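Here the structure is laid out as structure tokens; the discussion comes afterwards.
Readers should treat all values here as calculations from the given coordinates under stated rules, not as data from a laboratory. Just so it is clear, the model here is predicted, and its values are computed rather than measured. In this analysis, Cβ positions are derived from the backbone assuming ideal geometry, glycine residues included, and neighbour counts consider all displayed protein chains.
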Amino acid sequence: MANFILRKAEPKDVSDILRLIKELAKFEEMEDQVILTEKDLLEDGFGDHPFYHCIVAEVPKHHQSADGHVIIGFAMYYFTYDPWIGKLLYLEDFYVMKEYRGFGIGSEILKKLSQTAVRTRCNSMHFIVAEWNKPSIEFYKRRGASDLSLEEGWRLFKIDKQNLLKMTDEE
Amino acid sequence: MDKFILRKAEPKDVSDILRLIKELAKFEEMEEQVVLTEKELLEDGFGDHPFYHCVVAEVPKDKQSLEGYTVVGFAMYYFTYDPWIGKLLYLEDFYVMKEFRGYGMGSEILKMLSETAVKTRCSGMHFIVAEWNTSSIEFYKRRGASDLSHEEGWRLYEIDKCNLLKMSSK
């Protein structure tokens, strides 16, 4: 199975994108945490101001998945800003369906993202990986990735909506 | 000293923003790593498509800093996207000059950012903190922040320009 194309996602792809987001979340044992809807994805990705960008991997109809899908991989990314070096490409989600792995689709997606990053004059690509996800860590390290959490001790924090609201109400 | 205002940064603020970025980097012992220029800050923040947003804290001229500055604090942020919950406000840099701390500026900045996040329908605010920076960690924890690196084991990775070029030309 060597036939696949990579292309920019279009509005019609949102249901496949959501499906793949949920599959990836399931792999991370977080499936019930996906509350995003197709409507959100449509507004947020294909409106006047896109909050994310997506590349999808598509196979021909005769190579469709067991459940009949032709969109079998995706990467979601956006641009962030490092105050020391400027623009960065931030890789948010990256997934290829299990039955389509081993054909170089992941590598091609990462290559395309690298080209996008270089073309848009980004200095680097950032992303987070769960510390237990050894195959992904190896995949990225083979391509020159370095663990900034290890080297520089950065920890990711969050303040959720509830606590944000608390702060806005405080005098 | 309780007089200060918070406002959206303007193009004229880029030299103060760069100065404060460098001061914060110095505190993190990374000052030589700041290669960004005022020109880039101007293009990237105040062009057609801003890659970041900034809030600055300003004091009256009679309260200026020792070296004569009136812009004494800032926060740099942008919007990111979580595929599970949607839009997030990402706090990238946040700093108040030492001589102006203890007057509630940091709290007011964070409150303003919270309002921005809620107004733009963000599901949360994310940011990274160095694990040795216990005073900042406490500051954020007092406001309900939780350590996702701890809870969920996330580690931040980077593929730098050199390796991106390698990959893109293969």
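Quick look at the numbers
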{"item": "Residues that are facing chain A (nearest Cβ under 9 Å) and surrounded by fewer than 21 Cβ atoms within 10 Å (Cβ to Cβ), drawn from the range B:134-146", "result": "B:Ile137, B:Lys141, B:Arg143, B:Gly144, B:Ser146"}
{"item": "The range A:106-124 residues that are free of Cβ contacts under 8 Å to residues at least 24 places away in the same chain, paired with ones that are among the charged types (D, E, K, R) and in a helix (DSSP H, G or I) (beta carbon under 8 Å, 6 or more apart)", "result": "A:Val118/B:Lys161"}
{"item": "Checking B:Glu131 against (1) crowded, with 16+ Cβ neighbours inside 10 Å; (2) facing chain A (nearest Cβ under 8 Å), the condition it does not meet", "result": "(1)"}
{"item": "Hits in the range A:2-27 (condition: buried (at least 18 other Cβ atoms within 10 Å of the Cβ) and part of a loop (DSSP other than H, G, I, E, B))", "result": "A:Phe4, A:Ala9"}
{"item": "Exclusive hit being under 15 Å from the mean Cα position of the chain (by Cα) and in contact (Cβ under 8 Å) with a residue 12 or more places away in the chain, set A:Ile85, A:Ile5, A:Ile21", "result": "A:Ile21"}
{"item": "Number of the condition not met by B:Glu108 [criteria: (1) in contact (Cβ under 8 Å) with a residue 40 or more places away in the chain; (2) over 29 Å from A:Cys122 (Cα atoms); (3) more than 11 Å from chain A (Cβ to nearest Cβ)]", "result": "(3)"}
{"item": "Matching residues in the range B:46-78 - criterion: being under 15 Å from the mean Cα position of the chain (by Cα) and of a type in the set (A, V, I, L, M, F, W, C)", "result": "B:Phe51, B:Cys54, B:Val55, B:Val56, B:Ala57, B:Val71, B:Val72, B:Phe74, B:Ala75, B:Met76"}
{"item": "Among residues of the range A:28-49, those that are in contact (Cβ under 8 Å) with a residue 24 or more places away in the chain, surrounded by fewer than 18 Cβ atoms within 10 Å (Cβ to Cβ) and not charged (D, E, K, R), counted", "result": "2"}
